[in-house]
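Structure record follows, encoded as structure tokens.
No value in this document is a laboratory result; all are computed from the given coordinates. Please read all numbers here as calculations on a predicted model, not as lab measurements. Every residue, glycine as well, gets a Cβ built from its backbone with ideal geometry; the counts of neighbours run over all protein chains shown.
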Amino acid sequence: MGTSIVEGTLTAREVGRVRKKFTVFKSLTFERDDGSTETLKKMVARPEVAQWLQPGASGRFYRFSAFDVKGIHGVRLRDGTEIQAYPDPNRPVFLLATPLFLAWIAFMAVAEGRVPMLAVILLVMMAIGLAATRSTKRASLAEFERDGAPRRSAPAPTSPNL
């Protein structure tokens with residue numbers, strides 16, 4: 001889990017799935033300012049950010065990694081345009097599973113007088129997952145704000161092509 005910045009130009013992208021709350025890119029290829037090329041595979045982005053991930057976009061691209069989810073949470077283009085939105089596709093799973101495991105534990109305690117260890121282990125894992133993704137989200141936002149580039153609102157691009 002962590003954050004980093006790719007500084008350069010997006011040269012190619014391959015869109016995978018487009019959902020209401022996030023877009024999955026099969027790959028994003030960047031030419032870094034130092035001349036090297038980097039291809040990021042299976043990256044997610046919120047629609048607000050995804051629309052700016054067009055070939056030719058140049059600037060800073062803020063990435064994150066949390067468990068099995070990697071993605072782009074922010075963009076600062078060289079023209080001053082900036083947008084930040086953290087995609088969190090695992091959060092609903094953690095939030096939904098937690099009360100289910102609690103209910104399972106309560107039911108088994110009342111019905112059979114025992115606590116199912118599998119439910120306890122899964123509940124702990126959900127709590128750890130929720131805390132870790134929340135921590136990565138905070139770190140991502142702090143990294144973006146700390147960068148200090150001049151702020152300008154980001155109107156939608158003229159042809160989003162998603």
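Assorted remarks:
- Matching the structure-derived Cα Rg over 2.2 N^0.38 Å against the labelled list (i) 1.27; (ii) 2.07; (iii) 1.44 gives the label (i).
- Its DSSP H runs of at least 4 residues, each contributing -39,500 (n - 2.57), put the calculated 222 nm mean residue ellipticity of the chain at -11500 deg cm²/dmol, to the nearest 500.
- Mean-position separation - Cα centroids, segment 67-84 and segment 100-146, in angstrom: 28 Å
- Computed label-point distance, nm, for sites Asp68 and Gln54 using a 7 Å Cα→Cβ extension: 3.4 nm
- Trypsin sites (Lys or Arg not before Pro), loop per DSSP, at most 14 other Cβ atoms within 10 Å - longest free stretch of the chain: 22-77
- Take every pair of alpha-carbon atoms less than 8 Å apart whose residues are at least six positions apart; their mean separation over the length of the chain yields a relative contact order of 22 percent.
- Relative to the longest principal axis of the Cα atoms of the chain, the long axis of helix 117-146 lies at roughly 20 degrees.
- Unit charges on C-beta of K, R, D, E only; dipole of segment 11-162, Debye: 260 debye
- Where both bridge residues fall in the chain, DSSP classifies roughly 95% of the beta bridges as antiparallel.
- Which of Ala119, Pro47, Gly74, positive extreme of dipole for the chain (C-beta unit charges): Ala119
- In Hz, Karplus ³J(HN,Hα) per residue of segment 48-54 (6.51, -1.76, 1.60; θ = phi - 60°; x = Gly, Pro): 4, 8, 4, 5, 8, 8, 10
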